[in-house]
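FYI, it's all coordinate maths here, none of it is from the lab. Every value quoted in this text rests on a predicted model; they were computed, and no experiment measured them. We place every Cβ from the backbone using ideal geometry, glycine too, and count neighbours over all the protein chains shown.
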Amino acid sequence: MKKKVLCLLMAAACAASLSACGGGASETTAAAAPDATTAEGNTAAKAEDTTAAEEEKADAAEGKQLIMATNAEFPPYEYHDSSMTGPDGSDIVGIDAEIAGAIAENLGMELVIEDIAFDSIIPELQSGKADIGAAGMTVTEDRLVNVDFSDTYATAVQVIIVTEGSEIAGPDDLAEKIIGVQQGTTGDIYASDDFGDENVDRYPKGVDAVQALLQGKVDAVIIDNEPAKVFVSENEGLKLLDAAYAEEEYAIAVKKGNTELLDQINGALAELKESGALDEIVAKYISAE
Ligand code: GLN
């Protein structure tokens, strides 16, 4: 169907643009330039010590923190679970949280997770408040205008949830129906494009859209397949339609032009893929069945 083709085209465009930016525009991180040209021999060693200490301090001041912006309402990629401890010591766990934790470890950094609205993630990256956006975030052409994306680490499908007994059997039946989505997500964007703004009800969290479906306020919910499976399994009276609505790919977003961090992330991701660690993380949260 139309959307699928569009998405695949977008993925191709992303791949093209990723390799384009991988070529490396100039990097802007200013390395502290230690000036060790102390004339007095006596104090040279001391000066060196001081420089090393200063460098260490500078590193620490740089924080060595990797600040991840996410919206922890998206199981199994990121969600709160008070029975678990996430990679930053909070109760935010999930595939993205663990991948980011592994990347931070690989880079010798400390992961800090910020739980914010999904549609605030890109502005946080742009303003420099967060370093990475890891939120089951789909690579799209529009987003590529505002942020850069890492290599992809997962494929996903936008699916349709309806109530059991619904007459909606596939995307074509959605015309003139009210569709619930999470605000600012690709489900929102595609549904608005295909069926018109007036037929789309936007909610802050995916689970709110699912509640609206249960209450009969909307006729269907369009959302990513993995959270969809979780929400359907947690609520009686819902079902997932077989027909996929759109295919997409997840990647980690960084501030536009931050090629240094992007390269580091891609390097770490490649290692995680090669060592099997990435598969292990996914398997921990998604059973093969
Ligand atoms: N993959 C969807 C998007 O990028 C939804 C992500 C989410 O809700 N966390 O828009």
- Summing +1 for each Lys or Arg and -1 for each Asp or Glu, what net charge is found among the other residues whose Cβ lies under 13 Å from the Cβ of ARG202? -4
- Rg from C-alpha atoms of the range 71-169, normalised by the globular rule of thumb 2.2 N^0.38 Å, equals 1.23
- For the range 134-289, just the Cα set please: Rg and Dmax, both in angstrom. 17.0, 52
- Over 19 Å (Cα to Cα) among LYS205/LYS255; LYS177/LYS239; LYS64/LYS205 -> LYS205/LYS255; LYS64/LYS205
- Query: Ranked highest first by average number of other Cβ atoms within 10 Å, how do 203-211, 121-129 line up?
  - Reply: 203-211, 121-129
- Honestly the range 168-223 on the Cα gyration tensor test (a ≥ b ≥ c root eigenvalues; a/c under 1.5 rounded, otherwise a/b vs b/c for prolate or oblate) is just oblate
